[in-house]
Each structure stands twice: as C-alpha cells, then as structure tokens.
C-alpha cells in the first residue's frame with residue numbers, strides 16, 4: 001500500500017535536494033584546494049631548493065642566522081612571482097628547509113621540503129639497479 005508523505009517529510013526531501021548543489025560546490029572547492037596550483041607549487045619547490053643550498057653553504061652557528069640565510073635565499077628565488085612566504089623552517093640537523101607559500105590573490109597554498117645531499121652521497125631512493133652485472137644510469141641531482 002502506498003503511503004502519503006506528510007508536509008514535513010516533503011519539505012525535508014526538498015531541502016535535501018536543494019542542498020545537493022551546495023555540497024557539490026563544497027566538494028569541488030576542497031578538491032581544487034587540495035590539488036593546489038602547479039605554478040605556485042613550482043615556486044615553492046624552487047624557493048625550498050634555494051633555501052637548502054643557502055643552509056648548506058651557511059657558516060652561521062645560531063638558529064637565527066640560519067633562518068635569516070634561508071629566508072633571504074627563498075625570497076630571492078621567489079623574486080617578483082605572486083607568492084607570499086608564510087613560513088621558512090630550516091633544520092640544520094637534517095640539512096632540510098620547509099617552505100610554505102600563499103598566493104595573495106587566490107589564497108592558494110603550497111608547501112615544499114628540500115633536503116641537501118652532499119656530492120658523492122647517493123640518496124637512498126635513487127640507488128643504481130644492477131642487471132646482469134651492469135649498473136644502471138647514475139641518478140640526477142638538482
């Protein structure tokens with residue numbers, strides 16, 4: 001037997017249908033923000049690499065000196081690009097620099113971490129493969 005919906009149930013169904021576009025827009029906005037902007041990510045990567053090279057070359061023994069050296073290098077790498085540095089975090093122990101950038105126009109965010117690998121040391125994930133006694137190609141360093 002068919003059951004008739006009450007006015008309250010009908011209103012609930014209509015509200016649920018009306019909310020679907022809003023939910024879809026919210027999911028799209030979250031996904032777009034989660035995937036980030038490739039151009040901003042590239043800027044963050046370049047700033048982190050410049051910062052880690054400055055950290056490796058720095059002879060500052062204080063945390064403030066290392067932070068200043070990496071921040072200046074990151075700012076130079078960014079140049080006049082549309083990005084603002086939110087944070088620069090150098091780690092002298094790990095020889096790494098973490099950079100967080102924000103695009104002021106779109107509020108997009110990007111984060112990058114660069115680690116310094118001294119010349120002559122192979123990164124763990126880039127070991128040459130030995131196939132039938134022959135070593136694979138040498139890993140590239142940036």
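Which numbered condition in (1) in contact with a strand residue (DSSP E or B) (Cβ under 6 Å, 6 or more places away or on another chain); (2) closer than 26 Å to residue 119 by Cβ is the only one that residue 102 fails?
(2)
Within region 93-125, count every residue that is in a loop (DSSP other than H, G, I, E, B) and either touching a helix residue (DSSP H, G or I) at 6+ places or on another chain (Cβ under 8 Å) or farther than 13 Å from residue 49 by Cα (or both).
16
For region 87-102, give me each residue that is modelled with pLDDT of 90 or more and exposed (fewer than 13 other Cβ atoms within 10 Å of the Cβ).
87
Look through region 43-55, keep the residues that are within 10 Å of residue 83 (Cβ to Cβ) and under 11 Å from the mean Cα position of the chain (by Cα), and return whichever of them is surrounded by the fewest Cβ atoms within 10 Å (Cβ to Cβ).
Of everything passing the filter in region 43-55, 43 is surrounded by the fewest Cβ atoms within 10 Å (Cβ to Cβ).
What number of residues in region 35-86 are at positive phi and touching a strand residue (DSSP E or B) at 6+ places or on another chain (Cβ under 9 Å)?
Total satisfying the criteria: 1.
The values are calculated or read from the model by the stated rules, or taken from the named source; none is laboratory data. Remember, predicted model here, so these are calculated numbers, not experimental data. When we count neighbours, we look across all protein chains shown, and the Cβ atoms used for this are built from the backbone with ideal geometry, even at glycine.
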